[in-house]
Amino acid sequence: MRIPLLRIVPDDTKFDFMRFRRISFPVSALLSIVAIALFFHNGLNLGVDFVGGTLMEIQSKQGPADLAKMRSTMSSLNLGEVQLQQFGAPTDVLIRIPQQPGGELAQQQAAQKVRAALGDTVDVRRTEVVGPRVSTELLAYGMIGLLVAICGIFVYLWFRFEWQFALGAMIANVHDLVLTIGFLSLFQIEFDLNGIAALMTILGYSLNDTVVIYDRIREMLRRYKKMPIADLLNISVNSTLSRSVITHVTVTLALLALFFFGGHAIHAFTATMLFGVVLVGTYTSIFIAAPILIYLGVGLGRQEADEPSPTKFEAEVTKMGKPSGVAKPAAAKR
């Protein structure tokens, strides 16, 4: 039973989404170029997982943390460029200690120096130490895992649908990843293993939404063999629009709750997810993944295939017998 008050999108929508492809494609191309330029200019704010070092999360016991005093204290320890960042409550501070020469033992000693310098004025909530070898392996394996996932998705879609659908989904997914990486580079959001997890989740979510639309398109291609491809794509997107909107609204509400109340540990993850899933993923599934099938030649041979060739027609006549208009031998004797 459907509740009318919860019907966000009517069932009989008739939006002409394909008309906007002349706008969405150039805009997406421009944004992708900007995102790539940001990546090469700003780079990514790699976390401790990928560059090595020590991460300490502390809480001041004496009211709001005095960052200026803490920076002065850290500079006297000769530990390199120690970064301090306030997050959450005014008493919470995140300290990043760069990689120290001497391996993991030197990192632990650096963390102990910081603890001793701050004394009893703070509570140390969390301490993470990552060595240079481990950080390099994590970054390499994370990138390899992302590429393997993309290739696996491409192969699966090729067997599940057709090569045009597989290529269209891959272009849409790469578009999502490029824009998300540009977003991370622009706002210098910390990129660590949680960032890899966010990119993988964006891939899966965007792909799921795209496959739902593609499955409807394939169904329409079998049902309407002479309908213009642009009209057929519009019908397919409109018929899945209600499902897409309701799903995205639900995911958005969950991510907003995590973003505002989930704490600093997952703040970068939820920010990346909000951008990649809600803003980019929704737009890509409708305005990139579906209309790009027009340029990939989906359904071009449908009208020709619908009309039987002479050879096929003759085979049907042979199987069924002569047509009714041919005179029978008995009638000829009369």
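Just so you know, all these numbers are worked out from the coordinates, no wet-lab data involved. All figures in this text were calculated on a predicted structure; none of them were measured in a lab. Here the Cβ is made from the backbone with ideal geometry for all residues, glycine too, and neighbour counts use every protein chain on show.
Observations, loosely collected:
- DSSP-assigned coil residues among trypsin sites (Lys or Arg not before Pro) in the stretch 29-76, each with at most 16 further Cβ atoms within 10 Å: K61
- Placing pseudo-labels 7 Å out from each Cα toward the beta carbon at A116 and L67 gives an inter-label distance of 2.8 nm.
- Rounded Å value of the spacing that divides the Cα centres of the stretch 46-124 and the stretch 227-285: 37
- With contacts taken as Cα pairs under 8 Å and at least 6 residues apart, the stretch 53-130 reaches a relative contact order of 48 percent.
- Mean-position separation - Cα centroids, the stretch 15-30 and the stretch 139-153, in angstrom: 29
- When you restrict to C-alpha pairs under 8 Å that are six or more residues apart and normalise by the size of the stretch 8-106, the relative contact order lands at 25 percent.
- Counted by neighbouring Cβ atoms within 10 Å, the residues V249, V51 run from fewest to most as V249, V51.
- Dipole magnitude of the stretch 53-130, debye to nearest 20 (Cβ charges: Lys/Arg +1, Asp/Glu -1, about Cα centre): 100
- Environment charge at P291 (Cβ cut-off 10 Å; Lys +1, Arg +1, Asp -1, Glu -1): +3
- Considering only the Cα atoms of the stretch 124-250, their convex hull presents on average a projected area of 10.8 nm².
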